[in-house]
1. Filter the stretch A:97-132 down to the residues that are within 14 Å of residue A:54 (Cα to Cα) and not in a helix (DSSP H, G or I) and list them by number.
2. Only one of (1) in a helix (DSSP H, G or I); (2) more than 9 Å from chain A (Cβ to nearest Cβ); (3) more than 18 Å from the chain's Cα centre (by Cα); (4) closer than 29 Å to residue B:56 by Cα fails for residue B:126. Which number is that?
3. Consider residue B:149 carefully, then state whether it is under 30 Å from residue B:226 (Cα atoms), in a loop (DSSP other than H, G, I, E, B) and more than 7 Å from chain A (Cβ to nearest Cβ).
4. If you check residue B:80 against the conditions, is it more than 9 Å from every other protein chain (Cβ to nearest Cβ), surrounded by fewer than 22 Cβ atoms within 10 Å (Cβ to Cβ) and either touching a residue at least 24 places away in the same chain (Cβ under 8 Å) or in contact with a Cys (Cβ under 8 Å, 6 or more places away or on another chain) (or both)?
5. Would you pick out the residues in the stretch B:222-257 that are small (Gly, Ala, Ser), more than 23 Å from residue B:31 (Cα to Cα) and either loosely packed, with under 12 Cβ neighbours inside 10 Å or modelled with pLDDT of 80 or more (or both)?
6. Name the single residue that is farthest from residue B:157 (Cα to Cα) among those in the stretch B:167-194 being of a type in the set (Gly, Ala, Ser) and part of a helix (DSSP H, G or I).
7. Out of B:32, B:24, B:43, B:39, which single residue is buried (at least 16 other Cβ atoms within 10 Å of the Cβ) and within 15 Å of the chain's Cα centre (by Cα)?
Amino acid sequence: MNLKKFTTRDLTFIGMIIALMFIVQAVTILGVSAFTPFEPAKSVASAFFVSIVIAIGLAKVGKIGTFTIIGVVNGIICGFIMPAFLPLLPTTVLGGLAADAVIKIKYGEYGVRNSLITACGINQLVETFVILTVPFFFGFSQTILTPTLILVSALITTTLGVLGGFVGSKIVQELKKAGAIGE
Amino acid sequence: MIIESFFSPFTAQNPEEDSMVHRLDPRTKMGLLLGVTLLSVYLDNIIFLLTLEMVLIVLTVISRTFRSMMRFLLLFFTFGIISVVVLALITDNLNYSLVSFSPFFARFGVMITAGLLFAFTTSPNNLARALEKMRFPAPLSFTLTITLRYIPTLAREAGAIMNALKLRGINLSLWDIIRKPSYFYRGMIIPLLIRTLKLSDEIAIAAESRGFNGGKGRSSLNTLKIGVNDLFFAVFMVMSGFILLFMDKASLLKIGG
């Protein structure tokens with residue numbers, strides 16, 4: 001990944017978007033934890049809202065590698081600072097890398113609405129698969145988290161990610177009209 | 001502000017907090033976190049997992065962060081107890097539920113305690129500096145610094161926008177957001193995004209006007225250095241880890257034989 005193409009303006013905006021994403025993520029996950037201890041419900045709940053914020057960040061910066069930067073920085077924060085759970089680091093990095101790779105092959109860069117929607121969907125799919133298979137390495141009961149449940153959760157989060165990407169792209173259009181984001 | 005106070009223990013370090021663990025190099029503590037995570041995967045006997053948890057709790061007591069960590073650990077243990085009860089109700093077998101979940105929660109408990117120990121004894125600035133020392137790309141550590149600095153600020157901005165909505169007679173409950181999402185969208189999301197865009201532009205202009213070039217060759221007043229304490233601590237932890245692993249495998253062989 002060529003980091004030289006990212007300007008200071010891009011990096012500060014990505015940093016702010018991750019901060020916003022982190023707040024949204026923490027609030028939704030904590031909100032869901034208050035109602036249910038069911039692990040996949042947390043991934044599902046945050047998928048939609050987080051994807052909205054990510055789509056806005058991708059549309060503004062528009063360069064391949066943006067999602068990987070988001071994944072690495074968010075992974076470091078989730079892995080070392082809050083909730084300080086190390087397996088989240090590879091999860092978010094892999095999600096970002098996968099999304100960037102697919103967009104690079106299919107669209108070349110982030111710009112059109114479909115590229116934002118696809119990136120958000122791919123990211124959620126990979127992240128959910130990785131984060132829900134990690135507990136098995138730590139001896140989690142397979143009777144609770146079955147492969148079917150993982151597949152269903154991944155499909156739901158992907159759909160919500162796609163929807164979030166769609167809503168995010170609509171917000172981007174509105175921000176462009178308002179002059180907050182350049183055409 | 002509730003949101004801000006929730007994030008502040010992680011994003012801002014109390015300067016009055018100082019202990020042997022606080023003074024360790026963040027790279028040593030990162031090694032501890034990684035080592036403990038790997039060790040928790042390899043340990044099979046729950047007694048040794050609990051011993052490892054006790055070692056970490058002793059470290060949190062030494063670092064005087066145990067009290068602030070308690071609410072997060074309690075949240076985790078409550079979640080554990082609820083899960084055991086739910087599985088016991090589903091299977092109608094408490095013993096099976098305990099056997100299924102105990103090793104998992106012991107491992108997760110160890111990982112979460114190690115993670116919180118790192119988070120509560122390392123300032124975000126030191127973490128970014130340690131990453132730079134580990135040849136982490138400068139633009140990424142700059143982005144990380146921006147994120148950590150602006151999490152509380154954005155939480156405060158969100159709170160201010162929420163208060164402004166309340167002043168105008170719009171008190172958004174969860175039900176209101178579901179019933180009329182446009183209120184939330186127009187009243188909360190759009191203003192917060194525009195504020196984020198403005199703030200990021202201001203930071204970029206300020207950084208560029210000071211000759212910022214992506215963070216390369218940035219100097220710091222306080223430099224990180226691995227000292228004798230770090231070495232002693234690392235040797236102690238590695239030895240403890242090996243002893244636990246050896247005892248775990250030896251006891252497994254005994255059971256197997």
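The values are calculated or read from the model by the stated rules, or taken from the named source; none is laboratory data. Because the structure is a prediction, the values reported are computed rather than measured. Cβ placement follows ideal geometry from the backbone for every residue including glycine, while neighbour counts extend to all protein chains displayed.
1. A:110, A:111
2. The number of the failed condition is (3).
3. Working: under 30 Å from residue B:226 (Cα atoms): yes; in a loop (DSSP other than H, G, I, E, B): no; more than 7 Å from chain A (Cβ to nearest Cβ): yes.
Spelling it out, it is not the case that residue B:149 is under 30 Å from residue B:226 (Cα atoms), in a loop (DSSP other than H, G, I, E, B) and more than 7 Å from chain A (Cβ to nearest Cβ).
4. Numbers: more than 9 Å from every other protein chain (Cβ to nearest Cβ): no; surrounded by fewer than 22 Cβ atoms within 10 Å (Cβ to Cβ): yes; either touching a residue at least 24 places away in the same chain (Cβ under 8 Å) or in contact with a Cys (Cβ under 8 Å, 6 or more places away or on another chain) (or both): yes.
Against the criterion (more than 9 Å from every other protein chain (Cβ to nearest Cβ), surrounded by fewer than 22 Cβ atoms within 10 Å (Cβ to Cβ) and either touching a residue at least 24 places away in the same chain (Cβ under 8 Å) or in contact with a Cys (Cβ under 8 Å, 6 or more places away or on another chain) (or both)), residue B:80 does not qualify.
5. Restricting attention to the stretch B:222-257, the residues satisfying the condition of being small (Gly, Ala, Ser) are B:227, B:234, B:240-241, B:250-251, B:256-257.
Retained after the next criterion (residues that are more than 23 Å from residue B:31 (Cα to Cα)): B:250-251, B:256-257.
Scanning the stretch B:222-257 gives B:250, B:256, B:257.
6. Within the stretch B:167-194, the first condition is being of a type in the set (Gly, Ala, Ser), and the residues that meet it are B:169, B:173, B:182, B:187.
Add one more test, that the residue is part of a helix (DSSP H, G or I), and what stays is B:182, B:187.
Working: B:182: 20, B:187: 13 Å.
The selected residue is B:182.
7. Details: B:24 fails: within 15 Å of the chain's Cα centre (by Cα); B:43 fails: within 15 Å of the chain's Cα centre (by Cα); B:39 fails: within 15 Å of the chain's Cα centre (by Cα).
Of the residues listed, the single one that is buried (at least 16 other Cβ atoms within 10 Å of the Cβ) and within 15 Å of the chain's Cα centre (by Cα) is B:32.
Residue by residue, here is whether (1) surrounded by 24 or more Cβ atoms within 10 Å (Cβ to Cβ); (2) within 9 Å of another protein chain (Cβ to nearest Cβ); (3) at pLDDT below 90 holds:
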residue: A:19; (1), (2), (3): yes, yes, no
residue: A:33; (1), (2), (3): no, yes, yes
residue: A:38; (1), (2), (3): no, yes, yes
residue: A:47; (1), (2), (3): yes, no, yes
residue: A:71; (1), (2), (3): yes, no, no
residue: A:81; (1), (2), (3): yes, yes, yes
residue: A:102; (1), (2), (3): no, no, no
residue: A:111; (1), (2), (3): no, no, yes
